[in-house]
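Chemist: Here it is, the structure, as structure tokens.
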Amino acid sequence: MMRYCEVTWLLLVGVAAQEFAVDRDWKVAGALLFDPTECAVMVRRGPDACWNAGCLYDDFVDPPVCTSYSQLSDRRADQCASASTAPVEMPANQSTAPLTIERSPRSTRAINTVLNWRKGRAMRPLARACSESRERCQDATTDYIVSLLPFLAPLGIAAFSLLVWHTLCWMAVCRCCRRCCLCRERRRPRPGTWVQKKVVMGGVYTFLGFGTFSCATALYVVGGNIHGAIGNLFCRMYVIGDEFMNGSPQNPVFLGLDSSIKSMQSISGYLAEDGDMLNRVQAHLEEVQPLHEAYDRVAVALEHMVFVMSLNGAEFKLDHECTICELIAGNGTGGLAGEIRNQVAASPASIMNRIGELLVTWLQGENVARTRDTLRQVEVSFKQFRSVLGLHFMKPWVGQQRRLAYFEGIRHHVFNAVSSASFITCMLGVFVFALAAKSRAKYPSGRPAMLNWCCAFVYFVASLCLGGGMLAAAVPTAEFCQFFEDEILTYSGFVEYAPQLHLTDPGTIVMAQTCLTPNATGDLAGAIGLDVALHFHANFTAQHDLLGERYDSPVVSEVQLEELIMLTSEFGGLLQLRPTLPLTPSGAPRMVGSSLDAADRPGPDAEKIIYGLDTYVDLIDGPGQYSFEHGTPSGPKIINATHPTAEELESVPYLVRNALEYAQKKEQLLQRGALNFRCDRAQLVPPYAKEEQRCDYEEFKETVRFLGEQAMSELSNLQNQSDTYKEAYYSTLFDGPSGVGGMLSEIRAILNETLCRFLWWRWSTIMQFMCADLIPSIIEAAALWLSVAGIGGFNIIIMYKVWRHLGDNKIVANELAAEQHTLNPEEEEEDELELEQGLEGKQAEEPPEKDPAFIPIEDQVQQ
């Protein structure tokens, strides 16, 4: 009898053992493929030391191993290959991540149902108590576990049912147990009525079979949903762990915590005091000092030229405009000098000069020390954030994934095995009734009913255990989803629950708020102030890229240099008349704009003619009337700085008088020693002193020519220096293992590839699989298993009654027959005859169909 009671248990244990053997062998074989890194030495210090060191601890193998997070990539590929839905790629714009975790009506209804059962959120007091003291945390944990006991009632019923089952089994083995009042055998055989047979077989078992089939089918679907949701959940766990720890090259683009920490350590090494890079910077600055001096001289020369030209062109000189001043200085706003300055500012020489200024400003002195301190603080925050993720995310989920997947495989097989066993057991109940009805024996055996009763007990207890386990798992999981989403993943939640999450560093709290809250920016470098500490990177990189674009550009184009020399040497004294009084209509077009030169000449544009003194004097009152002192003699009347006098001017017509006044002003400008101009001098070396100096027209022309030649000389020198030190910039400063280029690439990666907005996106997907897919399926599975247990309870009662009916009939009939045969054979025959007649009368009401191929079960056993 006890053998029958243990058959189904052995089948289930065999399935689990087979699953364990296959899965265990695979995991041990896979665990041997670890990389021999520095993490291997951490295994001796225990799992926490391994996780804190930024390593992956795996104790599911023998012996346990501690490997780097680089193993996550291979495990991610293996896990996601079997997932029902592949992880989606993040868009390039991470700011489009959802602000809330989407929930379906099904999941919302399931979570609200659990919270209504609990009549509140029991996890919040537990979390807040654990933030105060260890004693209160222990008390709150005990209270929380006690509050879950009502949901473990199915497990208690299952344990009580096992006691009842074993009691009934001992009653079946030991006949003495059937002498008590509860299990007492009947005294005479009693045949079953036709109504009992039809109601039980036709009605009850039709209901039980249909209900069991429906529940088993639903459990198969729900169990598959749970299995798929857990597989997808594990896949997303590996995805988020791999992307955040190891980084992602695209969709999303993220450097990774490990790489970020290494980059900060590398930058700190570049900025180390008396390090190779700072020594190279100092050597480069000393080497290119002539370039900086040449650039400064060019800037001073051009600035002084514009200054002198602006002083002389600020106002008319005796109704004469300084045209050369306008061409060169443009009244201080443009002109040729302004164009040259703009081209010099865009030249490689200017770019290298700005790079030198940035190096002096940001990579020397206290700026370097301040940047190193900031990097050390940020590195501590990054390491603690990695440890927090390792202890609270990687350890319970990724670290235990193999073990969880192993037990999930067993659960999946047990679900299918028990649901199939429940349906098969109900179908075997119909077979038990048919076997008893078609038996040729006077008293059919009750062993088939007993075996079916035993199997019903097995799946009844298993269903209660599975239903209770699912119910007990659904409650804390639903509360965890609600609590984690509403309490933890908020800006204030990371501050309030920082001690429980081991967020002791303020920078780590800011990192969590930046990456794991729905309305955060995801700018990790900006949130912790790293962009401010390394802000010189943007300017330096911009100048470096600009130098690469304009590497072959000259300091100043040849066209502008030639124009500068031409203007300063040929048109250095170009002043043109701009009269305010009327002139003769015939001569005005040539008088206006006339210069101080004697002869006519083409203008700077080589198209327009600028008329000189000789043309002007012929237009005053006709040819041969007047002559300029500084012009070609053509008339008897000489015009100089003092003649004609005021009395002489009064005697001539008005228009002639105006022309003579302007002619006299021309002579006043040309007069030797008339200090009408500014010819200031300036030093091109520090302290760049200027000396105010007034001059006459000839000295002004010489000054303009000198300023042009000086600018030309300095520009040529700057061009030579630029050609010389462009190569030195790359060889001594930028390239090489300790060059500035290596540091800039590390800074660029830190600033541009630490946008962690995707982390919230990935985490919302994990919460969706857990809360929106897994919890409703678990609650549905719990309800279905409890329904199967209820159907099994009916099956147990019916099969128990059938077994006792058939078994008691046969045992009592045999004992009575043996006793009567011993005492009075004749009475025994009469009793048997009456019994046979009574049974034949009952059977005549419903004659059973005879199957010629049917063989009684006792004959089968004997065979």
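Chemist: Could you please state how large a percent of the accessible area of the stretch 219-307 is carbon and sulfur, counting protein chains only and using a 1.4 Å probe? Display every interim value, and only then the final one.
Modeler: Working: 1550 of 3090 Å².
Result for the stretch 219-307: 50 percent of the exposed heavy-atom area is carbon or sulfur.
Chemist: For the stretch 642-754, which whole-number percentage of the solvent-accessible area (1.4 Å probe, protein heavy atoms only) is attributable to carbon and sulfur atoms?
Modeler: About 50 percent, which is the carbon plus sulfur part of the accessible surface.
Chemist: Continuing with the same structure: How much solvent-accessible surface does I565 expose, in Å² to the nearest 10, with a 1.4 Å probe and all protein chains in place?
Modeler: 60 Å²
Chemist: How many Å² of accessible area per residue for the stretch 481-581, probe 1.4 Å? All intermediate terms of the calculation are to be shown ahead of the outcome.
Modeler: Details: 4210 Å² over 101 residues.
Per residue, the stretch 481-581 has an accessible area of 42 Å².
Chemist: For I639, enumerate residues with amide H under 5 Å from its amide H, sequence gap 5+ or separate chain, H modeled in the peptide plane.
Modeler: The answer is S627, F628, E629.
Chemist: Rounded to the nearest 10 Å², what accessible area does M743 have for a 1.4 Å probe in the complete protein model?
Modeler: 0 Å²
Chemist: Hey, can you rank 123-136, 225-238 by average C-beta count inside 10 Å, highest first? Don't jump to the answer; show the numbers that get you there.
Modeler: Numbers: 123-136: 14.7, 225-238: 22.0.
Those peptides, ordered most packed to least, come out 225-238, 123-136.
Chemist: Leaving out ligands and nucleic acids, and using a 1.4 Å probe, what accessible area per residue does the stretch 262-371 come to in Å²?
Modeler: Working: 4400 Å² over 110 residues.
In whole numbers, the stretch 262-371 has 40 Å² accessible per residue.
Chemist: So what's the net charge close to G587: Lys and Arg +1, Asp and Glu -1, counting the other residues with Cβ under 15 Å from its Cβ?
Modeler: Neighbour charge sum, excluding G587 itself: -2.
Chemist: What whole-number distance in Å separates the alpha-carbon centres of the stretch 587-661 and the stretch 381-397?
Modeler: 93 Å
Chemist: Considering only protein heavy atoms and a probe of 1.4 Å, how much of the accessible area of the stretch 363-477 is carbon and sulfur, as a whole percent? Before the final figure, lay out the partial values.
Modeler: Values: 2700 of 4180 Å².
That share works out to 64 percent.
Chemist: Sticking with this one: Tell me, what is the per residue accessible area of the stretch 705-753 in Å², probe radius 1.4 Å? Intermediate results must be reported in sequence, preceding the final value.
Modeler: Details: 1960 Å² over 49 residues.
For the stretch 705-753, the per-residue accessible area is 40 Å².
Chemist: On a 1.4 Å probe surface of the protein chains, which of H304, H392 comes out largest in accessible area, and what is the full order? Working shown, then result.
Modeler: On the way: H304 5, H392 75 Å².
Sorted by accessible area, descending: H392, H304.
Chemist: Pop a pseudo-label 7 angstrom from the Cα along the beta-carbon direction at both E286 and A314 and give the gap in nm to one decimal.
Modeler: About 4.5 nm, to one decimal.
The values are calculated or read from the model by the stated rules, or taken from the named source; none is laboratory data. Nothing here was measured: the structure is a model prediction, and the numbers come from that model. So basically every Cβ, Gly included, is an ideal-geometry build from the backbone, and we count neighbours across all protein chains shown. Ligands, DNA and RNA are excluded from the accessible area calculation, which covers all protein heavy atoms including side chains. Shrake-Rupley method; radii C 1.70, N 1.55, O 1.52, S 1.80 Å.
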